[in-house]
Each structure stands twice: as structure tokens, then as C-alpha cells.
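Written below as C-alpha cells is the structure these notes are about.
The values are calculated or read from the model by the stated rules, or taken from the named source; none is laboratory data. None of these values were measured; they are calculated from a predicted model. In this analysis, Cβ positions are derived from the backbone assuming ideal geometry, glycine residues included, and neighbour counts consider all displayed protein chains. Heavy atoms of the whole protein, side chains included, go into the accessibility calculation; ligands, DNA and RNA do not. Shrake-Rupley method; radii C 1.70, N 1.55, O 1.52, S 1.80 Å.
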Amino acid sequence: MKRTTLSMPVGRLATALALCFLLASCAVYTPPNPQISSVVNPAVLPGAARTADWDIGAVRYQWQGRGLNYYDAGLFPVLLLVSNHSGRYPVIYAQECRGIGVGGAEYAPYSVDQAAELVFASTAYKKSAEAAVVGGLTGAAVGAGLGALIGSGFNHGWGAGPGALIGAGAGAIGGAALSQQPSMDQYRASLYQEMGTYAWRPSPVPPGGLMPGYLYFPVSAGIHSLRVIVHVDNQVQTFIIPVDMPVW
């Protein structure tokens, strides 16, 4: 009987297989970019401030039913939206914004580090992390969901022009497809990355631009409105913006 021989020597074949297994075991959780969705102008929000130069609106975070529920983790994220239809470059600084809560009390927003510290200390985070890591959940089930209200446009979706898109797209974490379940450290890092990625940035909103970003407050404060200060051409304008439910 004629014997069939391998075209690759046994030693080289074993080495190649070992390398394949090694590469597979080193696979890491890499969040994709946010997905593009429909354009939403803050002017369509019931409580938006509408002026001849820009429209400013605020939307409360909405849990999509998968991943970490930030409300349960003690955080109240508010999505601030600014649409600039002037020829000027307005700027809003997060540290100057105030959340107006029960009885008219005003609260400064958390920094990303403060918001993350609150979340990571919560029971909701621990349960979410356990479900993702121990339970083997992958993909959208791992996502925190902040990006569910933010799409992607020019300059990564941050106010670079009329193509900056807002909508119910998949978040930076929520739409991920994982080759393997994440570790605790990866899950924690992913949530921190999402909170930082989607936080409000003090960048000038260019003419025709649409700028989104979250401000983080304690859920116990009962935030219902924002006090927002707009800086433009050495002048300041102050607006009180009710926090609306999403309309898209």
C-alpha cells in the first residue's frame, strides 16, 4: 500500500499550529467605531433653546436593556447637543455647566474620573461585569450603551460639520463583536473609555456643526434642567435647558 506523506515536515507543522493557537489566545477586545445613524437637530427637542445663531438641547440617557445600566450605577448622564448655524465659533465648558435638580439646587457635573469612580464602586457594575466575564456574554451584551444616542460623523462625530450624526446607532462598546469574552480589566477599561469618549468636550462648534457630549451627574440629584453658558467673541450667553426624553 502506498503511503501518503505530509507536504510539510512534522516539526514545521507543529510549530505553525502552535503559533496559530498562541495568536488566538492573545485576541483582545477591541471596540469598533460608533455606527452612523440619522441626523437629529436639537431644535426638534421640546425644551431646546432656539436662537438665530444656534440651537441647544439636552437629552437624558436611556438604557437600551443590555450591558450596564448607568442609572442603577448611580450616574445620571445628560446628552448636551449644540447645533451652530451662525458664522461664529461658540464654546461651552463642562465645568461651567450646572445641573438643576430638586428644589432648584444646582450641581456641577462630575469629571470622567469621578463618574467612573462612582460607577465602578456600584453593585450594578459588579453584576454587569460578572455577567460579561463569568457568564460569557459578548458583543452588544457587553456594551455600556452611552453611544446608543450618538452616531459618528466627520472628525469622529465631534462637531466637525453638518455630517456629524446623532441617533440610535451602536455605541463604541455596544456594537462590538468579540472573538472571546472580555477579562475584568478589559471590561472595566472599556467602560472608562466609553465614558471618556462620549463626555462633553470644550471644543469650538464650527459653523454648520453639530456637537454632542455627555455631562455626568448623580442620579439622586433629580436633574431636570441644565444651566449652560456659551462663550463667543468675548461675550457670554446663559441658557436654562430642560432635559428631554429622546425623540428619535
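Tabulated data for the structure shown
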quantity: The one condition in (1) modelled with pLDDT of 85 or more; (2) in a loop (DSSP other than H, G, I, E, B); (3) surrounded by 14 or more Cβ atoms within 10 Å (Cβ to Cβ) that R66 fails to fulfil; calculated: (1)
quantity: Check on L118, more than 26 Å from G209 (Cα to Cα) and crowded, with 24+ Cβ neighbours inside 10 Å; calculated: no
quantity: Lone unmet requirement of (1) part of a loop (DSSP other than H, G, I, E, B); (2) within 16 Å of the chain's Cα centre (by Cα) for D113; calculated: (1)
quantity: Count of region 193-221 residues which are touching a Pro at 6+ places or on another chain (Cβ under 9 Å), surrounded by fewer than 19 Cβ atoms within 10 Å (Cβ to Cβ) and closer than 21 Å to Y89 by Cα; calculated: 2
quantity: Residue list for region 229-248, filter: more than 21 Å from R88 (Cα to Cα) and in contact with a His (Cβ under 9 Å, 6 or more places away or on another chain); calculated: P242, V243
quantity: Counted residues, region 46-63 - those being buried (at least 18 other Cβ atoms within 10 Å of the Cβ) and out of contact with any Asp or Glu (no Cβ under 6 Å at 6 or more places or on another chain); calculated: 7
quantity: Residue satisfying all of: in region 222-248; over 24 Å from the mean Cα position of the chain (by Cα) and in a loop (DSSP other than H, G, I, E, B); surrounded by the most Cβ atoms within 10 Å (Cβ to Cβ) among these; calculated: D233
quantity: Inter-residue pairs, beta-carbon under 7 Å, first among the acidic types (D, E) and in region 237-248, second in a loop (DSSP other than H, G, I, E, B), 6+ apart; calculated: D244/L45; D244/P46; D244/G47
quantity: Count of residues meeting criterion [modelled with pLDDT of 95 or more, open to solvent by 70 Å² or more (accessible area, probe 1.4 Å) and either farther than 12 Å from L226 by Cα or not basic (K, R) (or both)] in region 87-109; calculated: 5
quantity: Close pairs from region 211-235: first under 16 Å from M245 (Cα atoms) and in contact (Cβ under 8 Å) with a residue 40 or more places away in the chain, partner aliphatic (A, V, I, L, M) and open to solvent by 40 Å² or more (accessible area, probe 1.4 Å), Cβ under 8 Å, at least 6 apart; calculated: G222/V102; S225/I240; L226/I240
quantity: Lone unmet requirement of (1) closer than 23 Å to I229 by Cβ; (2) surrounded by fewer than 22 Cβ atoms within 10 Å (Cβ to Cβ) for P42; calculated: (2)
